[in-house]
Structures are given as C-alpha cells and as structure tokens.
Protein chains: 2
Amino acid sequence: MADTAVPNLTKLSSNKSFEGELTKYKFKSAALGGLDAQFNLFLPKTASTGKVPVLIYLAGLTCTEDNGAQKGGFLKEAATAGIALLFPDTSPRGAGVEGENEDWDFGTGAGFYLNATNPKYSVHYNMLTHVTLELPQIIEAAGIPIDFNRQSIFGHSMGGHGALTLYLASRTKQYRSASAFSPIANPTQCPWGEKAFKGYLQGGIEEAKKAGYDATELIKQRGKDEPVHILVDYGTGDDFYKKDQLLPENFLKAARDAGHDEFQVRVRSHADYDHSYFFISTFASDHVHFHANFLKA
Amino acid sequence: MADTAVPNLTKLSSNKSFEGELTKYKFKSAALGGLDAQFNLFLPKTASTGKVPVLIYLAGLTCTEDNGAQKGGFLKEAATAGIALLFPDTSPRGAGVEGENEDWDFGTGAGFYLNATNPKYSVHYNMLTHVTLELPQIIEAAGIPIDFNRQSIFGHSMGGHGALTLYLASRTKQYRSASAFSPIANPTQCPWGEKAFKGYLQGGIEEAKKAGYDATELIKQRGKDEPVHILVDYGTGDDFYKKDQLLPENFLKAARDAGHDEFQVRVRSHADYDHSYFFISTFASDHVHFHANFLKA
C-alpha cells in the first residue's frame, strides 16, 4: 500500500555513455491527463555515490525527449561535471484532441511548456506542471539519486522559451540558472507564440502575459535587486530569427532597461549559425559549464 | 566545355558548426549505376586558407550519411584538429533490385563497402569504388580544398568492417590509419557477413576472402615488417558482440599472431557499453585524435 502514490516508472531502454547511463522511462502522467509520457534521464557516474544536481533540457517544436539526448552534445560535459540531464518530451502524445496533429507548430510536439486553459486542451496540455512538478516528484519517488534542490534549466527554440519563462516565473526560485539556444524570446509578439496562446489559452495573448509565458515581459518586471543568471545564444543565419519568430533583441533590451547587466543576462549573437543541432552542439559545452557554476556552488 | 567531365555536385544543405561548415551534397554516381548518391562533408575553418586532410566515416547497417554527422560527436575535435570529415551513404538508394528492401541487414542501407559480382547487384552495389575512388575524384574535381594524399578512415559496425578492409586491402596505401567502433571484424565467420557475401558475390565466402573483404583474413597476411596503424573499440554490453556478429577477438588474435603489437593494432574492450551512438560518441574524440597523429604528421 505504501507506494500506491508512486506511479509506475517503466524503463524502456538504457545506454551507457561517458561512464554514466542514459535511461528512457515511461509512466502514466496525471499532469497530461493520464496519457503515457516518456523522458530521458542521464546520470553521471558520480550518481552511484550520492545525489547529483540536474540540468533540464527542453526541446523545440516537433522534437521529442530524444533530440537533445542524441544530438545536443551535452553528455560529455555533464558527465565530467557530475550533473544529471533530464530530457522531457515537448507535448502530450495521443491526447486525441481534434486538429492536434494538423500543424507542426501547434498541438502534438508543440506544447509550449504552459498549462492550457482552453477546455479543448486543458485536460492534456499541461507541460508546465509536467516539467516543474510532476517529473521531479516521479523521479524522486522512484529513488533516483537526484538533488532537486539543485536544478537549472535550458532549452532550444520553443524549449528556450520554456526554460526562460519557467526560470523567471518561478515564485519558489526552482531553478538556479537558465539558458537558451535560439529561444522564442518574446512569444506574444511573434506568429508562433500568438498561434499557441490563442489556441491553448482562453484569454489568448493577454492571459499569456499575465500567466508568465513571455520571457521579455517577465524580465521587464524583474528588478535588478533580484539577480538573474541567464545565457542566450542565437545565430544570425537562423531562418526563424530572420523571420522574427525569436526576437532575442527584445529580450536583451528589456533586460538592460530593467537594469540587468551582462553578468546577469548575456545574449550572444553568432555570425552565420542556423537553428539546427549543429549550432546547439557547437555551444553545448559553454552552456553546461555556465550551469555548472551555479549547480555546483 | 572544360568541365563536362565534372559530374554535377548539387549542394542540398549547409550548416555552420564549430566554426566550420557541414554540407550535404548530391550527385549522379557512376559507381552506383547512375543513381543519385548523397554524402555529408565537414570542412574545418582552416580549409578557408588551404587544403586539409580528411577522415572518412563509414556508417553501419540501416544508416545513411547523416548518422555519423548528427550523432557521432566527431565535429568538435575535427574542427580543432583542422581535419575534414567525409560521411558517405551505406548503399545505393533506389537500385530497384528485387528484394533489396526486404531485410535491414542486406540490400538498401547494407552495401558492405564491396563491389558486387552477382549480376543482380553488380550494376549498383559498388560501394568500394564509390568510397575509395569516386568520392575523392568528385570532391577534387569540384575544387573543394581537401588533400587526398592525407586520408584516414574509420567506421561503425558494418562501417568498421569497411574501414578496416579498405585500409588493409589498399595496394596504394590510400589511408594512413584506420579505426573502428564495434566492427564486423571477421565477416566470413558471422551471419551478417555470410549473408552479404553469398548475396553480393558470385563466389560467395571464398570470393570474399580472396577479394580482401575480411579484416581478420587480411591482417593474417600482413607481415609485421609492413606496419599498420589500427584502433578498435567495442563494448561488452553490445548485443551483436554477444551474438558473435563482431568477433573482435578473432581480429586481435590474428594481428598478434602476425606479429603486430599493441602499438600497431590496439583493440580495447569497454565494460557494459552497447552498439549505439552513445557508445561511439563516448570514444569519438579518442578516434579523431588517433587519426590526427597520422594525418597531421
């Protein structure tokens, strides 16, 4: 009876890598309306002798829990630094909501790391709760040696939006630092964000601003007396950057206007790099090292 | 008129990575019977100021030119060392030979880096010529700054078989060094190799031995007065190793019997690692560094 509250965590596969272990798990997710959810978890070798801090990677549109684990190039530095990596999926799978599989930038593969309030989506599309509450609880309940008092978060594109907003909006300061590759940094001002917010939220874009789903809006409200630790990288050869889907300059300007200097918010532009994992992997070790500063402090 | 002999090399995509450039090309391959063939080529930044040496990566069963480029973790070290990486495909695509798409370990995605002599396959299944002759010619003719006097070769599984055999059988000493992850090291003695040789070669396994398609047979014939530079890594948690598809011990024993010491042929066993790219990426930098010793000498 003791563990009836512990959902059944099923191990789907396991691969040794860099002296640690990458494991894919499946469980019935309450946050996602009872659907099966999957995630990948990399534990460094040091986890065999004690709890380790964790860095959560949120992937972008169309991705799953696999993209960052397979192509990000994060494992080597995480293994060396003794940091676990948690790779959630990007949306519920198989919710059966009409139209959820019609577009690549909305619905399946595009959960936007929010909790939906539109009744059509609110039963299943709750990636905010899934990432911030459910996964830590599930992992802790399973006895996996992660110290959730030491969490940081990063992500790519839609996942960069997720990382920045979950970090900045957390009242409990759940994450020690946040970083992003090519984030959707001001989603209330770009087509991807507008579509997602109008679809998932009853109150649309206004609700998104109030709920803390726009990193640029959030940083405006964060005084410099409340320090932040943020790193953002993007490439000038990124087609989505060129099409104004990312708007990292808006985030940077809002951060500077609010008094956050380059030690608090660093936004780096990289000539000719694009939106792909070839860009991400190039700067992967920078990001892991950035978070290690705070996770191992 | 001058370049009528230069086949049309079409650039399909290009991604900046580690200050260099990964480009996917397509061309009509004479070696593969006139079919379109694709490959990926990574050029380090140093290629902008002069010709660079090249390391060729041969992928395994079911793979394409993308697996090594996306998941291998080779680009960072190659960029730092100033070495180009060439990623060929693993077979012709769309040959239209009856049955070529029925099995995952024969036909499409499973060219075994040989030249077929069975008439059914001999028009298209000539990956040996494709890799050793055609790709260097095509790339050189296109004016891409690679110094093909400095080539080395490595690969995974079927591609490890390819790397070892192309290296050892080359009469012109085309490659300076060879390495392999989990290679099919004695294919005339394992089910994968037997199936491939009986299918592609009129003379079956006997023809395979004579043609130089078995690394263990080749190293037996290579006297210690003719030095070799070979590195092999495999994992003891590899299911194909356990099922005797790889047989690295046979290769190691043959090498030692022929007088090649551990400075010439190094075979390393890694506890619990499996057959996946998570294993490959763990030892990726070791392999690039190994080849850099010879490519930059």
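Read the figures in this text as sums done on the coordinates, not as results from a lab. Since we're looking at a predicted model, the values are computed, not measured. Reconstructed Cβ throughout: ideal geometry from the backbone, glycine too, with neighbour counts over all protein chains shown.
Database remark: amide H of B:Asn115 closer than 5 angstrom to the amide H of B:Leu128 (H placed geometrically; neighbours at sequence offset of 5 or more, or on other chains; Pro and chain starts carry no H). Of the GluC sites (Glu not before Pro) found in region B:163-269, those that fall in a DSSP loop while having at most 15 other beta-carbon atoms within 10 Å are B:Glu262. Structure remark: mean-square fluctuation, Gaussian network model of chain A, C-alpha springs under 10 Å; the largest value among A:Thr188, A:Thr129, A:Thr282 belongs to A:Thr282. Over the Cα atoms of the protein assembly as shown, each weighted equally, I'd like the Debye log10 I(q)/I(0) at q = 0.08 Å⁻¹, rounded to two decimals. Computed log10 I(q)/I(0) values: -0.60. The charge dipole of the protein assembly as shown, taken about its Cα centre with unit charges on the Cβ of Lys, Arg, Asp and Glu (plus for the first two, minus for the last two), comes to roughly 900 debye. Return the long-range amide H neighbours of A:Ser17 (sequence gap of 5 or more, or a different chain), with a cut-off of under 5 Å between placed amide H atoms. Sorted by chain and number, the residues that satisfy this are A:Leu22. Label region B:159-287 by shape, choosing from rounded, prolate and oblate, from the square roots a ≥ b ≥ c of the eigenvalues of the Cα gyration tensor; if a/c is under 1.5 it is rounded, and otherwise prolate applies when a/b is larger than b/c, oblate when it is not. It is oblate, given that a/c is not under 1.5 and a/b is not larger than b/c. In this structure the amide hydrogen of B:Thr90, modeled in the peptide plane, comes within under 5 Å of the amide hydrogens of B:Glu65, none closer than 5 places in sequence on its chain. Across region A:1-151, C-alpha contacts under 8 Å between residues 6 or more apart give a mean separation that, scaled by the residue count, equals a relative contact order of 25 percent. Evaluating 6.51 cos²θ - 1.76 cosθ + 1.60 at θ = phi - 60° for every residue in region A:60-67, the Karplus couplings come out as x, 3, 6, 8, 10, 5, 8, 4 Hz, glycine and proline recorded as x.
Applying the Karplus relation 6.51 cos²θ - 1.76 cosθ + 1.60 with θ = phi - 60° to region A:126-136 yields 3J(HN,Hα) values of 10, 5, 4, 5, 4, 7, 7, 10, 5, 4, x Hz, where x marks Gly and Pro. Among A:Gln151, A:Gln174, A:Gln70, the largest mean-square fluctuation in a Gaussian network model of chain A (Cα springs under 10 Å) belongs to A:Gln70.
Along the charge dipole of chain B, which of B:Ala31, B:Ala292, B:Tyr273 sits closest to the positive end, that is, farthest toward it, with unit charges on the beta carbon of Lys, Arg, Asp and Glu (+1, +1, -1, -1)? Value: B:Ala292.
Charges were assigned to the Cβ only: +1 to each Lys and Arg, -1 to each Asp and Glu. The resulting dipole of chain B about its Cα centre is roughly 700 debye. Dividing the summed -39500 (n - 2.57) terms of all DSSP H runs of n ≥ 4 by the residue count of chain B sets its mean residue ellipticity at 222 nm at -8000 deg cm²/dmol. If R0 is taken as 56 Å, the Cβ-Cβ distance between A:Lys120 and B:Asp66 corresponds to a FRET efficiency of 0.90.
Rank B:Phe18, B:Phe283, B:Phe263 by mean-square fluctuation in a GNM of chain B with C-alpha springs under 10 angstrom and give only the top-ranked residue. Comparing B:Phe18, B:Phe283, B:Phe263 in the GNM, the peak value goes to B:Phe263. Summing +1 for each Lys or Arg and -1 for each Asp or Glu among the other residues whose beta-carbon sits under 11 angstrom from that of B:Cys63 gives -2.
Between the residues A:Thr90, A:Leu55, A:Pro145, the greatest Cα displacement towards the positive end of the dipole of chain A, with unit charges on the Cβ of Lys, Arg, Asp and Glu, is found for A:Pro145. Each residue of region A:36-49 is assigned a 3J(HN,Hα), and the resulting list reads 5, 10, 10, 8, 10, 9, 9, 10, x, 4, 4, 5, 6, 10 Hz, derived from the Karplus form 6.51 cos²θ - 1.76 cosθ + 1.60 (θ = phi - 60°), x at Gly and Pro.
For A:Thr10, the shell of other residues with beta-carbons less than 12 Å away shows a net charge of +3, using +1 for Lys and Arg and -1 for Asp and Glu.
Take the alpha-carbon centre of region A:213-242, take the same for region B:165-208, and report the distance between them in whole Å. For region A:213-242 versus region B:165-208, the Cα centre distance is 53 Å. Restriction of the trypsin sites (Lys or Arg not before Pro) in region B:197-297 to DSSP coil positions whose beta-carbon has at most 14 other beta-carbons within 10 angstrom yields B:Lys224, B:Lys243, B:Lys296.
Label-point distances for B:Lys242 to the equivalent site in the other copies, using a point 7 angstrom along Cα→C-beta, read 5.0 nm when ranked shortest first.
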